Structure formats: C-alpha cells, structure tokens
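Remarks on the structure that follows.
Readers should treat all values here as calculations from the given coordinates under stated rules, not as data from a laboratory. Quick caveat, the model's predicted, so the values are computed rather than measured. Positions of Cβ are backbone-derived with ideal geometry, glycine not excepted, and every protein chain shown enters the neighbour counts.
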Amino acid sequence: MTAALSDVPQLVLNGVMSGAILTVPAIGLTAIYAVLRFPNFAVASHATVGAFAGYLANVMLGWPLVPAALAAFLVAGVIGVVSDWVVLRPLRPAGLITVTIASVALMIALENLVRLGFGNALRDYDLPILRDWRFAGLRVGPQQLEDLAIAVVAVGVLFAVLHLTRVGKAMRAVADNPTLAAIKGIDAAKIALLVNFVAMGLAGLGGMLIGLDTSIDPLTGFRTLLAVFAAAVVGGLGSIPGAVMGALTVGIAEELSQLALPPDYRTVVGFLAILLVLTMRPRGLLGARSY
Amino acid sequence: MTFTVSRRAALLGAAALAAPRLVRAQGAKLQLGVLTPLTGAGAFDGPRMLKAMQAVAADVNAAGGVLGKQIELVVEDDETNPEAAVRAAHKLVDVDKVPVIMGTWASAVTMAVAPVCWESKTFLTTVSGADTITQLPHQGYLIRTQPNNFLQATKHAEFIIRQGRKKVFILSIQAPFTVPTQKRLTDVLTPNGVAVVGSLIYDKDKTSYRSEVDQALKASPDLLYLNGYAPDVGVVLRDLYRADYTGAKLTQSYALTEKALQELPKPVTEGVLTVQPSADVNSPAYAAAVKRLGIATPDSYEAQATDWISIVVLTIARAGQATGTAIRDTVRQITNSDGEKVYTAVDGLAAIKAGKKIKYEGASGPCVFTEIGDITDCKFRFNQVANGAFRLVEVM
C-alpha cells in the first residue's frame, strides 16, 4: 500500500518535522568531522545519554521542557568532552581508522552504561499528549511545533556563535586549516574540546527531541544513527549548513518515498541517499568546506 | 614410575566413569531429560517450568512412580543459546540416554535441538511458537503445547468477529510472522462478513509513524490490528491518538506490557485490547497445579511444563516401556483419546492401572495434538486497558 499524490503536502510537512529534529544530531556529527576529521559514531550513544538526562530532569526533578532540554545538552556535552579526553584523544595519533573504531566501541560502552542504570524498558517523558491541529487538510502536532522551535533556536544560536563571536571564528579557522590557525595562535586542542562539547551537546539535545515524540530506551540514539549519517553525508560531511540541508532532504525523501515504495522500505532511503551522493557528488550537496 | 601412576590414574578414572552407571542400574530410576533455559533471555520462564515439572515428578514418585520406578529428572541449562543447547542435548541423549527431553523455550534453540532428538529417536516437548518448528521432518518425535502463529491469528480473528467489528486494518512490523498472520486473519475474517480494508507493513525503529497512520485511517477501519513490538507499537499508539482515531485497537500483550502501560500517557492506551495465550484457568488440571505449586496464578509456561511431564509419564505407563519411539507411538492414546478424562498424572496412572482408557486434559489447554505435533486449541486471554490498567475482557 503506497500513498497517493494528494498526500504530498502532508508527507512534505511530516518530512520537514522529522528532518528538523534530525538536523540537531547531524550538526553534531558533522562539526566533529570538520574539526577532528573522523566520523564519531559515539554521537548515537550521546543522543541516548542526552535523552536520559532530559528524562531525569523532566520526570524525576519535574522540570519543564525547555530547562530539561538544556540539561540534555549540558550533560551530553560534558560526557562528550570527558569520553573524548579519556578514550579517543589518546588514540588520535594512531590515525583515522583507529579513532573511528574506538568511537564505535565508545558508543557500545556508553549505551550499555545507560542500560546498566536504567534497564531496557521503554520510558516516556512527563508531558501531556495533545491532539493534532488541523488546517487546510493538513495536520500537525503541537509537540512537533515545539520540537521544531527548539531545533530552530539551537541551530540559530550555533550559527550566530560561529559567525559573530571570536571563538566561533576560531572554530571555523581550525576546521578550515589547522596549521594556519595554529600559526595565528589558536589553540587547536582547546577548540577541539569546545567543539566536542557543543557537538555532543547537540547530539544529546537531538536524542531528547527524538524521545519527546516517542519513548526512550538505551537504543534511542543507535536507531537514528543511519539517518543522522545520511543527513551529514548528503549535506557534505564537515559542512554545518550542509547538515541542515541534508537532514531536511533525508527527512522529506523518507516520507515521499511512500509514494513509490511500501513503508517497510523507508530505511532504504537513508542508504540510497548515501550511495547516490557518494557516487555522484562525494563532497555532498554543499561541499565539505562550508561552515 | 610415572607410567604406573598414570595407568593407575587412568584406571581410577575409568572406574569413576563406570560407577554412576552401575549405581543407576541398581537404583532402578526412570530418567527423564529436562532442557530449559536457566540463564539468558529465557531465564525468567525456564526455572519456573523446571519447578513445575519437579513438582509433578514428586507427586508421581510419592504415589509409587511409573512402571515401578521412581522418576529422576536430569536437568541441563540450554542458556537460551542454540549452540549450548545442542551440546546439552547431546549429553542428555548420548550419556544419560533419556527417552525424552522436555523444555526448549526459544524458537532458535528448538530448531537446533530438534534434529538431535529425532535422529536419536528421543521425544521432544517445547513451548516455541514459530510455525516452522512443527514443519521440520521430526517424524513425530516432537510436540508443542504453545499455539503457533496460525492458531493465534485464528483466535484473534474470532475475537474480532465476536466484538462485532466490520472493518479491520492490519498494521504490522516487518517480521517473519507478519505475512502468515495477515493471511490467516484475512482467511477467517472475510467469510464472516468482516472486511480487511487494508494492510501495511512498516519499518522498525522509526521515530514517527504519522504517514503510516494516515494511510491506515484513510481506509476508515473500526479496528486496527497492531502486530508489532513494544517500541514501535508505543509510537503508533501515540500517533493514533494525535490523529484522533477513536476505533478499537488490538495488539499482543508483549507489545503493550504492564511496564509500558505505566509509562505511556493514559489517553494513549485507553481502550486498547491486548491478547495472550492463556493457561486454562477454569480447568481441574489448573486447579491441581495451583495447589501443587503453591502459586495463586501459574502462568501459561508453568501450565505447559506441568502438561509435558504429565503426558510423558502417562504415555510411558500406557506403552509399558520408556523409549522415545514408544512415547511417539503412544502419546496420542493419552492426548487425542475419547477415554475417561484425567487432569493429573497421579490420577491418570491409577486409571491406567485399573485398565481404563484415559484422556489427559491439561492445565494449559485440552492438549489435543495434530499429526505434526501442534495443539489444536488453547485458551487466550483478552484484556482491555481502562484508566491505565488492564481489565479482563474474556478468556476464550
């Protein structure tokens, strides 16, 4: 059973919503790639960590949505810095492959730490569930709009920091040319630390946003890993505007695929996107060097 | 010198190996194999199934045993792992030479152990549900007391008909049981005037099923059959609430667990119907199991384990010999007979001694087996969520 042409507006709307949420962790992945030049698979487990940090703040401490989302960002960011410092940083001299594989191991370890503390059961945030709003034959959930707003604000703040502040310019400089940045007196190690904090924080926030609409468990981050990678690769790994474009493209494409494919093939879209981009335009939609 | 020592050691070792066999021969015990998961994913059910069998064995032994021998259970752990299970099965078959192995739980484990059993002419009883298990070329050396997917779908369809629903949409996860279940539901529903207005198979691990839900609701069903697992069914239920769906929803109890019920917002789960295979809670055999085990409500697994050992013991008594082939050839004289109904192994043994023809009716259900070893019928428990808690609708 596939969708009809008349469903296109609703499918696009659904795609924009899911793509917007995907943007947040995709930026995390691509930012680390831009500065440290390796795909950090541990974004998945940091998304889980953020989801559970937000859960603790929201359910145990009774915090409302926005402070809980901030907690998700901060906790995942701090754990991102610590885990990078302890596990990945010492391995960086060994080369790209070693660090990448170590990031997979880190992902599995963190995920199981969460499992040790919280078990495998599904958990839900303490938020009221609301009926969708309907307009012009379309429907959209209030929660989706709230998620969208949080994602837009987070991405907006990140762009502002990157373009308007000294530290943001320093980050872009290191990403663009680490040697030249070092000559100008920018401490690359400090920038790496900062990028890790922000990127893993965004992954954590993304994990919570995903969890708001569903339930969370230790696999929350891992489930979306493929889509996050697809978004980052489609946009051009290392490009932050690219990650935004890529996430929206993958989100909308997954939904529109239902016009031609049965819904059980939705995951194929992520793989196809990666395959197509790597074959036709390896640098991604926007090219790897745009921040 | 070294040579002498090692030869002595070898002799001692040989004597030690031979000893248990001699002891066994003198003790005149009847050894029956038990292979339940005591560790791994099945570690919740396995030990309880073992206890249920031990309790029946104790009752039978207290009443004088079977064929004049006391029952001794030889217990191995299948670790919920096919590889470990095959090793354990070989030990039971080759070393202990048991006529029967009772207890495999996971379908993958049963698929691996079954060939070991039929090749050695050892009888196997299991709770695994995959349709393919009884389709193996097991030559009759296998029975299962768990309803297979076919029977489950039949019972679900009959429930939907009883509920008076007219338009069913089937929303399923991509899984091996999806298509057979869809087919069976349609085959039972359609001739009874219930239209299957559509079906859709979705992908697991998605964060939203809004588009899928839209597709389903376009067919305006009055019952949605949600054939998935807990993570995705939770998301689908939320998306159904958001989309203002007000019709009925039916799902497996493992897809909407007690725990999930506590976590999901109450409006989302309100009115959801769940179904699970049930022990036959009104049967005398179940009442006897309650008393024997000292538990208020033994579950389906404890009931099935009770039935395995009861059926095996009665079959051995009826056949007059304890071999796998004798059990295979005689088991249906106990389960598929029109004789006097008995509900416990002890009562059955007494009736056989008195020369009566018997029919064992179990705690898990009537225990009538098809040619390939499937049960023909069993009870199902239907619950409905009301204000965040399960309420019994019926046991049918």
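Annotations
- Ellipticity at 222 nm from helices only: DSSP H runs of n ≥ 4 in chain B, each -39500 (n - 2.57), divided by the residue count, give -14000 deg cm²/dmol.
- Shielding by partners - mean other protein chain Cβ count within 10 Å, residues of B:263-269: 4
- Share of pairwise Cα separations in region A:1-107, more than 25 Å, in percent: 38
- Placing dummy labels 7 Å off each Cα toward the beta-carbon, the span from B:LYS204 to B:ASP338 is 4.7 nm.
- Protection-proxy order for peptides B:95-102, B:128-135, each taking the mean of Cβ atoms within 10 Å per residue, highest first: B:95-102, B:128-135
- Listed peptides B:384-392, B:66-74 by packing density, highest first (mean Cβ within 10 Å): B:66-74, B:384-392
- Solvent-free Debye scattering, log10 I(q)/I(0), computed from the Cα coordinates of region A:9-218 at q = 0.07, 0.08, 0.13, 0.16 Å⁻¹: -0.23, -0.30, -0.74, -1.04
- Direction-averaged projected area, Cα convex hull, region B:206-254: 3.1 nm², rounded to one decimal.
- Relative to the longest principal axis of the Cα atoms of chain B, helix B:300-319 runs at roughly 40 degrees.
- The modelled label-to-label distance between B:TYR254 and B:ARG162, using points 7 Å beyond Cα along the C-beta direction, is 2.3 nm.
- All-pairs alpha carbon distance profile, chain B, 10 Å steps from 0, percent: 5, 21, 28, 21, 14, 7, 3, 1, 0
- Using all pairs of distinct alpha-carbon atoms, the Kirkwood hydrodynamic radius of region A:85-169 works out to 17.7 angstrom.
- Two-decimal log10 I(q)/I(0) for the protein assembly as shown, as the Debye equation yields it once each C-alpha is a single scatterer, q = 0.12 Å⁻¹: -1.19
- Semi-axes of the equivalent ellipsoid for region A:83-128, computed as √(5λ) from the eigenvalues of its C-alpha gyration tensor and ordered from largest down, come to 31, 10, 9 Å.
- Protection proxy ranking, highest mean first, for peptides A:163-175, B:43-55: B:43-55, A:163-175, where packing is the per-residue count of other beta-carbon atoms within 10 Å, averaged.
- Counting only alpha carbon atoms, the long axis of helix B:178-189 and the longest principal axis of chain B meet at about 70°.
- Counting Cβ atoms of other protein chains within 10 Å of each Cβ in B:233-239 and taking the mean gives 3.
- Stokes-Einstein D for region A:187-242, Kirkwood Rh over Cα pairs, 10 °C, 1.306 mPa s (µm²/s): 125
- Relative intensity, log₁₀ I(q)/I(0), of region B:320-377 from a Debye sum that treats every alpha carbon as a point, q = 0.12, 0.13, 0.16 Å⁻¹: -0.28, -0.32, -0.49
- Neighbouring partner chain Cβ atoms per residue of A:111-123, average, 10 Å criterion: 2
- Kirkwood-based shape ratio for region B:225-325, expressed as Rg/Rh from alpha carbons: 1.21
- For chain A, the longest principal axis of the alpha carbon atoms and the long axis of helix A:266-280 meet at an angle near 50°.
- Once the Cβ-Cβ distance of A:ARG37 and A:VAL268 is raised to the sixth power relative to R0 = 25 Å, the FRET efficiency obtained is 0.30.
- Each Cα pair under 8 Å and six or more residues apart adds its sequence gap; the mean of these over the residue count of region A:9-218 is a relative contact order of 44 percent.
- Here region B:186-216 is scanned for amide nitrogen atoms under 19 Å from the site 7 Å beyond the Cα of A:ASN120 along Cα-to-Cβ, giving B:204-206.
- For chain B: relative contact order, % (alpha-carbon pairs under 8 angstrom, 6 or more apart): 16
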